[in-house]
Amino acid sequence: MEIKNIDMTCKTITCPKCGVNGKKHSTVTRLINDIGFGRAVQLKVKFNKYFCEECCKYFSFPMTELAKPKSKFTNRVKTTSMGLIIREGLKYKDAVQYMKEKYFVDVPLSNIGDWVGAWKKKKGYA
């Protein structure tokens, strides 16, 4: 498995609730599985958590373009998996196998089912 270190730390960031600069509270690391070519890839993302003294809230550096909060997979894994079902017409278990064989990422069938179900609901298909 290849581990890629990504540093997304910064000294200050604006509070998403009130707009005041937050103070660094702590630094954390998050492991996120990504699509691999030739081997499995895991992103080791280092980022800061902040505290806003104005509204007394904790918040983190926004990474929504990389992955949803608390997700163990990148958005690229999600969209690729969903595309196999929606565009290519693969069965769920075949999509899981394809992701494992071609991209070296083990995506649980339940995750793909949840992602496609949410997409269908959003589009009005469910």
Residue list for region 1-40, filter: without any contact (Cβ under 8 Å) to a residue 40 or more places away in the chain, surrounded by 13 or more Cβ atoms within 10 Å (Cβ to Cβ) and closer than 30 Å to GLU101 by Cβ = ARG30
Could you list, in sequence order, the residues of region 30-50 that are farther than 20 Å from ARG76 by Cβ and among the polar types (S, T, N, Q)?
-> ASN48
Looking only at residues in region 94-114 that are among the hydrophobic types (A, V, I, L, M, F, W, C) and out of contact with any Lys or Arg (no Cβ under 7 Å at 6 or more places or on another chain), which one is nearest to MET1 (Cα to Cα)?
-> VAL105
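Here are THR64, THR9: which of them is more than 26 Å from VAL116 (Cα to Cα) and either among the β-branched types (Val, Ile, Thr) or assigned to a loop (DSSP other than H, G, I, E, B) (or both)?
Checking each option against the conditions leaves just THR9.
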Which members of region 76-126 meet the condition of being touching a Gly at 6+ places or on another chain (Cβ under 9 Å) and surrounded by fewer than 11 Cβ atoms within 10 Å (Cβ to Cβ)?
-> ALA126
Those residues of region 67-111 that are in a helix (DSSP H, G or I) and touching a Leu at 6+ places or on another chain (Cβ under 8 Å) come to a total of 9
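Each reported figure results from applying straightforward, stated rules to the coordinates on display, with no laboratory input. All of these numbers come straight from a predicted model, not from anything done at the bench. Cβ coordinates were reconstructed from backbone atoms using ideal geometry, including for glycine residues, and neighbour counts include every protein chain displayed.
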